[in-house]
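K.L.:
One structure is given below, represented as structure tokens, and several questions about it will come after.
The values are calculated or read from the model by the stated rules, or taken from the named source; none is laboratory data. Please read all numbers here as calculations on a predicted model, not as lab measurements. Cβ atoms come from the backbone with ideal geometry, glycine included; neighbour counts cover every protein chain shown.
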Ligand SMILES: C[S@@+](CC[C@H](N)C(=O)[O-])C[C@H]1O[C@@H](n2cnc3c(N)ncnc32)[C@H](O)[C@@H]1O
């Protein structure tokens, strides 16, 4: 067969698969997925060269009612007659015709079938949308949730694989974990070897060494790194103010903030009606430290500045037996596994049993589906580390001019979810049962049980 014929065949097979997916024809789809092979990706991940649609995109986009079809621009569900519109968080199913319901069920079956066949959950089409983004834009809540759950499964698996030998770049399923979205984004087309993590930052390694030796530009509105990435921006002030409110629940607390940046949350702490009596700040970048010094932070009463990386500072504080009533964490250029180390290894030794903990929640914030996936991943990891979390939703101001001169928009969603954490309490267990639970020590990564007995719960106190 000559190469022209071969290319025609590939195109034909690809279109057959996409057609079967868009028609939710499961029998044909399963047969085609088994029969056809492609040199550059799995049959379940083929992409239309014009639209970039994969079978998952095609299966979901095909549910759009004819009269609703218009260019995709918005990340929010639009009003109109799509089949599964969300009203106040609940699907508006009542007005649906039985035909529409049938179509939605078949679409769900098709999406499940594709995912069971290993389809990549977060492949981008030419419109920069994942299949889940399309479901979200069109208001197909159940399809959206199927895609979020697929993302959570993929991320959990990758997180669990961390620590095992990393696969070659040429192999599938690179081991990755989410990073704070104030870092780089990577996207990929099906022409490249498939990876499990397509639209989210691929920060398996932290960039901290490079960041700490790089030049920063600091102004009243923002801090940029030497590649013009936003380290911190003043539009986050309301988030910092609400985070301070969530932490400072009483006067005279002993608090710690990790990552000074523009000092917005530290200012909030100092100006708060519940001003802390002891305020520790951990900061590692020399330029930020020089700026802090120039602004007099080292001389402020009740403030103690720790000059260095939290990875070096915190173990010393633990060994001194220091504990805090509240801890805030917001660093830059670190990976998710750094952050997981922080909350599962350090906070346990530093936070008072009744203390409060929060962090800047920017994981996956450049698109809604990534944000939703990482919220669930975080909830599971935080639960495993012994925390209860609840999320306070905050409106994010409309951001336009803010991004001028910034390399990459790291925030693209409308609502911030502020995490409020405390140790999971076991005081409702009868004491004899509590006594049987092995006590978790700080720096013990293997035990996942946190114990706070009723007697310990009642003992407070800053040291
Ligand atoms: C996003 S800014 C913090 C912004 C701060 N929440 C505010 O309200 O202005 C992140 C800060 O963390 C610092 N940082 C990054 N990695 C760190 C580490 N491992 N230890 C201590 N500080 C770190 C950076 O130098 C930067 O100043």
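K.L.:
With the condition being within 14 Å of the ligand (Cβ to nearest atom), I'd like the helices (runs of 4 or more DSSP H) fully within segment 274-364 carrying at least 3 qualifying residues.
P.N.:
So the answer is 286-294, 310-319, 336-341.
K.L.:
Now a separate question. Any residue in segment 368-389 that is within 16 Å of the ligand (Cβ to nearest atom), modelled with pLDDT under 95, in the same structural domain as residue 252 (by TED's automatic domain parsing) and over 25 Å from residue 253 (Cα atoms)?
P.N.:
Checked segment 368-389: no residue is within 16 Å of the ligand (Cβ to nearest atom), modelled with pLDDT under 95, in the same structural domain as residue 252 (by TED's automatic domain parsing) and over 25 Å from residue 253 (Cα atoms).
K.L.:
Identify, from the list 261, 302, 308, 296, the residue that is crowded, with 18+ Cβ neighbours inside 10 Å, at positive phi and modelled with pLDDT of 95 or more.
P.N.:
It is 261.
K.L.:
If a residue has to be farther than 16 Å from residue 118 by Cβ and part of a helix (DSSP H, G or I) to count, how many in segment 10-25 make the cut?
P.N.:
Of the residues in that region, 11 qualify.
K.L.:
Within segment 366-376, can you find the residues that are surrounded by fewer than 24 Cβ atoms within 10 Å (Cβ to Cβ) and out of contact with any strand residue (DSSP E or B) (no Cβ under 8 Å at 6 or more places or on another chain)?
P.N.:
Scanning segment 366-376 gives 366, 368, 372, 376.
K.L.:
Looking at this structure, is residue 70 in contact with a strand residue (DSSP E or B) (Cβ under 8 Å, 6 or more places away or on another chain) and modelled with pLDDT under 55?
P.N.:
Spelling it out, it is not the case that residue 70 is in contact with a strand residue (DSSP E or B) (Cβ under 8 Å, 6 or more places away or on another chain) and modelled with pLDDT under 55.
K.L.:
Let me ask you something else. Would you check which residues across segment 236-273 are in a loop (DSSP other than H, G, I, E, B) and within 12 Å of the ligand (Cβ to nearest atom) and list them?
P.N.:
Residues satisfying the conditions are 259, 260, 261, 262, 263.
Here is a yes/no grid of residues against (1) out of contact with any strand residue (DSSP E or B) (no Cβ under 9 Å at 6 or more places or on another chain); (2) modelled with pLDDT under 95:
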{"residue": "190", "(1), (2)": "yes, yes"}
{"residue": "193", "(1), (2)": "yes, yes"}
{"residue": "196", "(1), (2)": "yes, yes"}
{"residue": "199", "(1), (2)": "yes, yes"}
{"residue": "203", "(1), (2)": "no, yes"}
{"residue": "218", "(1), (2)": "no, no"}
{"residue": "222", "(1), (2)": "no, no"}
{"residue": "250", "(1), (2)": "no, no"}
{"residue": "256", "(1), (2)": "no, no"}
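K.L.:
Return the pair list, or none, for Cβ contacts closer than 9 Å from residues in segment 223-241 that are at positive phi to residues that are more than 10 Å from the ligand (Cβ to nearest atom) and not in a strand (DSSP E or B), at least 6 apart or on different chains.
P.N.:
228/405; 228/406; 228/407; 228/408
K.L.:
Suppose the filter is surrounded by 14 or more Cβ atoms within 10 Å (Cβ to Cβ), over 28 Å from residue 371 (Cα atoms) and at pLDDT 95 or above; does residue 231 pass it?
P.N.:
no
K.L.:
Something else: Please find, among 220, 209, the residue that is more than 8 Å from the ligand (Cβ to nearest atom) and part of a loop (DSSP other than H, G, I, E, B).
P.N.:
220
K.L.:
Would you mind telling me which numbered condition in (1) more than 16 Å from the ligand (Cβ to nearest atom); (2) modelled with pLDDT of 95 or more; (3) outside any strand (DSSP E or B); (4) closer than 28 Å to residue 145 by Cα residue 392 fails?
P.N.:
(3)
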